[in-house]
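Written below as structure tokens is the structure these notes are about.
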Amino acid sequence: MNWLLLIIAGFFEVGFATCLGKARVAEGSATIWWMAGFFLCLGISMYLLYLATRTLPIGTAYAVWTGIGAAGTVIVGIILFKEPTEFWRMFFLFTLIASIIGLKVFSR
């Protein structure tokens with residue numbers, strides 16, 4: 001169950017990074033709404049990370065949480081913000097994802 005909480009926390013990390021990116025390009029009152037989404041996702045993400053670390057090792061949980069956030073944010077950046085998809089960028093993204101899976105597989 002705590003691994004599921006950790007994964008959901010990682011998705012909310014992607015959410016707060018996405019809201020931050022959208023707030024950067026928004027105008028007028030839309031900026032306020034994107035920032036509200038940022039703070040909401042940030043709070044949920046941190047709380048779920050806290051819950052997950054009650055039984056998971058902090059180092060593993062934090063690495064998985066940031067890894068999901070980083071990988072997810074890169075994917076969202078490619079899709080929503082038209083960021084580049086060069087070979088080396090994709091290579092290291094897949095390396096990051098493989099590392100997250102490895103931490104899950106070899107954690108007790």
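The values are calculated or read from the model by the stated rules, or taken from the named source; none is laboratory data. Just so you know, these numbers come straight off a predicted model, no measurement behind them. When we count neighbours, we look across all protein chains shown, and the Cβ atoms used for this are built from the backbone with ideal geometry, even at glycine.
Assorted remarks:
- Some residue of the stretch 60-79 being surrounded by fewer than 12 Cβ atoms within 10 Å (Cβ to Cβ), at pLDDT below 95 and either among the hydroxyl-bearing types (Ser, Thr, Tyr) or farther than 25 Å from residue 23 by Cβ (or both): no
- Test: residue in the stretch 37-53 that is surrounded by fewer than 17 Cβ atoms within 10 Å (Cβ to Cβ), more than 24 Å from residue 103 (Cα to Cα), in contact with a helix residue (DSSP H, G or I) (Cβ under 9 Å, 6 or more places away or on another chain) and among the aliphatic types (A, V, I, L, M): yes
- Members of the stretch 87-108 that are charged (D, E, K, R) and in a loop (DSSP other than H, G, I, E, B): 108
- The condition of being aliphatic (A, V, I, L, M), closer than 27 Å to residue 107 by Cα and free of Cβ contacts under 8 Å to residues at least 24 places away in the same chain holds for only one of 68, 58, 44, that being 58.
- Tallying residues that are of a type outside the set (Asp, Glu) and in a loop (DSSP other than H, G, I, E, B) within the stretch 23-56 yields 6.
- Evaluation of residue 26 against the conditions (1) surrounded by 15 or more Cβ atoms within 10 Å (Cβ to Cβ); (2) without any contact (Cβ under 8 Å) to a residue 12 or more places away in the chain; (3) hydrophobic (A, V, I, L, M, F, W, C); (4) within 26 Å of residue 107 (Cα to Cα) shows that the sole unmet condition is (4).
- Among residues of the stretch 62-108, those that are closer than 16 Å to residue 5 by Cβ, in contact with a Ser or Thr (Cβ under 7 Å, 6 or more places away or on another chain) and among the β-branched types (Val, Ile, Thr), counted: 0
- Any hit, the stretch 9-19, residues being surrounded by 12 or more Cβ atoms within 10 Å (Cβ to Cβ) and outside any helix (DSSP H, G or I): no
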